[in-house]
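Have a look at the structure below, then the notes.
The values are calculated or read from the model by the stated rules, or taken from the named source; none is laboratory data. These numbers were taken from a predicted model, which means no experiment stands behind them. Here the Cβ positions follow ideal geometry from the backbone for every residue, glycine too, while neighbour counts run over all protein chains shown. For the accessible areas, the whole protein counts, side chains as well, though only heavy atoms, and no ligand, DNA or RNA atoms are used. Shrake-Rupley method; radii C 1.70, N 1.55, O 1.52, S 1.80 Å.
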Amino acid sequence: MKITYKPCLKTKHSGDTVGIINIRRTENRQSKYFSLGISLNKKKYWLKSGSVSSTHPDYKEINIKIEEKINQLKLMESTDNAIMSVRVLEDEVEETFIDFFNSHLLYLQTRKELGSYKAHKTSYLHFTNFLELKRIKNIHFKDITSSLMRDFETYLLGLGLSANSCIKYIKTISNVFNKGVVFDKYTPDKNPFLAVNKKTTPVAKKTLGKLEIELIFKTSISKDNPLYHYRNYFVFQIFAQGLRISDLLTLRWSNLVSGEIIFNQFKTKTPHKIKLNYIILLRLAEYLPTGNDVINNKYTFDLNNKKYLMSYSEIENHYNKLQKDNISIYLKLINSKKEEDKIKVEELERLYKSWLNVMDEIRDKISSILILQIAVYGKANPKKFIFPILDDKIFSDVLFNAQKHTLTKYQYNQLSSKTAYYNKQLKKLQALCNIDTVFTSHLARHSYTNLMIETTNKDIYTISKSLGHSTLSTTEHYVNDFLYERIYESNDAMNQTYLTVNSN
């Protein structure tokens, strides 16, 4: 028997213009109504398709609630059917593996476990395509055998997928199978997944080195070019302790408190802190209404009995020019043994140091002013995303800073599509910077980790806290690939000490 669910606008009287949104459940020509409790003007906003017109200010949110209500009713229906199917009749039809997989997908969707739903759906599509190719219909739990899963693995490899991807998809099928066993759908004699490969192949983590990161900074990009902003986001990711893309997208101004970024990580829901250093403050200033005024402000200072009025960038440019103009003289004098040359070297070094002190002082002033202005702006705009990538209105009801939050399917898809677009823009940035390493959102995290290994002498505890990992074992596994190059370098250094001995 077919059961249908259709949204409708139910009015008390036929002539009423305002009604309540309901879901009409129809079975054997008999209908039952489930109210959403949302009133709507029938003529202005209700469409014949059973959805709210885009002219309504909250049409997206209401349409999402309609979809969720239907999914909830379907889940209740499948749950009721599952309870009723306790094998009370001998001729009862056995639930197939695909039926159970479908009900599990519906469960994940209704519970808003959308990341798991998406991963399971991909595995489901691969598996059903494989079954169709083998002309297998209505596969039951008992038909999931070692030989079938071996054939499925061969099929996936034939699609050109990596061994790791094949393992991921088969593992998902295994998880659903095991859930069926837990829910007494089937009791297997042996594990049908023992014959397939479960050991993933380590994938080398790509990173950006110091020179490549400097090149990203120095590449000229006009402010009217969208890549100007994507460079800002990418640099922010690196210097905000390898911030994940999900956290970059969902950070709000209210997360900036007393010179720190304080938030619960989107992936792990665990708390994390990041200090607002000068590099990321400069990126934040671009999206603070008064930020550029602070950056471009001119400061007065005395140096070597001379008064100056300069912005920080002018001071920095002057210092770089000073070094460039004097480098040949400095290199010539540095090795001289003449007393007068030594005095000139000392004078140049004092000059450089005095300008560096000015730069440090101005940088501290700018940082203090920006932190104060960010605090004020954050209080006035607590729900506004820092970076204008996601739509504030679409996520207005989501508290990302809470330890637990759920997204609607539409919100999750928005997050996924913006992440995909961000990665596309990074490829364009890579080409513009003329760097060979492929830019991805996660490359920022890998690059930060690599820099931390170099600057902290492999201090795993510091790296772990910086990355926001909850356990040291997670960090040790994460950084393992980065350490091989250091091991090779240490071995090369050791080998060098014996070259002369070996030559004799």
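Data overview
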item	result
Part-to-part distance (alpha-carbon centres) for the stretch 289-345 and the stretch 10-57, which is given in Å	72
Estimated dipole of the stretch 214-329 in Debye, rounded to 20 [Cβ of Lys and Arg +1, of Asp and Glu -1, Cα centre]	280
Distance in nm between pseudo-label sites at Thr300 and Cys8 (7 Å out along the Cβ direction from Cα)	7.9
Evaluated over the chain, the Cα radius of gyration and Dmax, each in Å	30.9, 107
Unit charges on C-beta of K, R, D, E only; dipole of the stretch 130-235, Debye	140
Helix-only [θ]222 nm of the chain, DSSP H runs n ≥ 4, -39500 (n - 2.57) each, per residue, nearest 500	-18500 deg cm²/dmol
Extended-chain gain in nm, criterion 0.36 nm per residue less alpha-carbon gap, Ser328 and Ile20	102.7 nm
Ser165/Glu339 FRET efficiency (R0 51 Å; Cβ-Cβ; nearest 0.05)	0.15
Electrostatic dipole magnitude of the chain [Cβ: Lys, Arg +1; Asp, Glu -1; Cα centre; debye, to 20]	1620
Accessible area (Å², per residue) of the chain, counting only protein heavy atoms and a probe of 1.4 Å	59
Total formal charge among the other residues, if their Cβ is under 10 angstrom from that of Leu399, Lys/Arg +1 and Asp/Glu -1	+2
Under 10 Å, Cβ to Cβ, from Thr4 - net charge with Lys/Arg +1 and Asp/Glu -1	+3
Apportionment of accessible area to carbon and sulfur, the stretch 222-372, percent (1.4 Å)	53
Efficiency of FRET between Met359 and Leu432 - r from beta-carbon atoms, R0 25 angstrom, step 0.05	0.30
In Hz, Karplus ³J(HN,Hα) per residue of the stretch 238-245 (6.51, -1.76, 1.60; θ = phi - 60°; x = Gly, Pro)	5, 8, 9, 6, x, 4, 5, 4
Asn178 versus Arg135: modelled label distance in nm, points set 7 Å from Cα along the beta carbon direction	3.5
Neighbour-limited loop hits for chymotrypsin sites (Phe, Trp or Tyr not before Pro), the stretch 87-184 (at most 14 other Cβ within 10 Å; DSSP other than H, G, I, E, B)	Phe183
Unsatisfied cross-links (Cα-Cα over 26 Å) in the set Lys199/Lys409; Lys273/Lys418; Lys384/Lys424; Lys118/Lys210	Lys199/Lys409; Lys118/Lys210
Length added when fully stretched, Asn277-Ala420, from 0.36 nm per residue minus Cα-Cα	48.7 nm
Selection from Asn304, Tyr287, Thr268 lying farthest towards where the dipole of the stretch 245-374 points positive, charges on Cβ	Thr268
Cα gyration tensor, the stretch 129-187 - rounded (a/c under 1.5), prolate or oblate	oblate
Cα lying deepest toward the dipole's positive end in the chain, options Ile66, Thr250, Ile374, charges on Cβ	Ile66
Extension gain from Leu215 to Lys393, taking 0.36 nm per residue of separation minus the Cα-Cα distance	60.4 nm
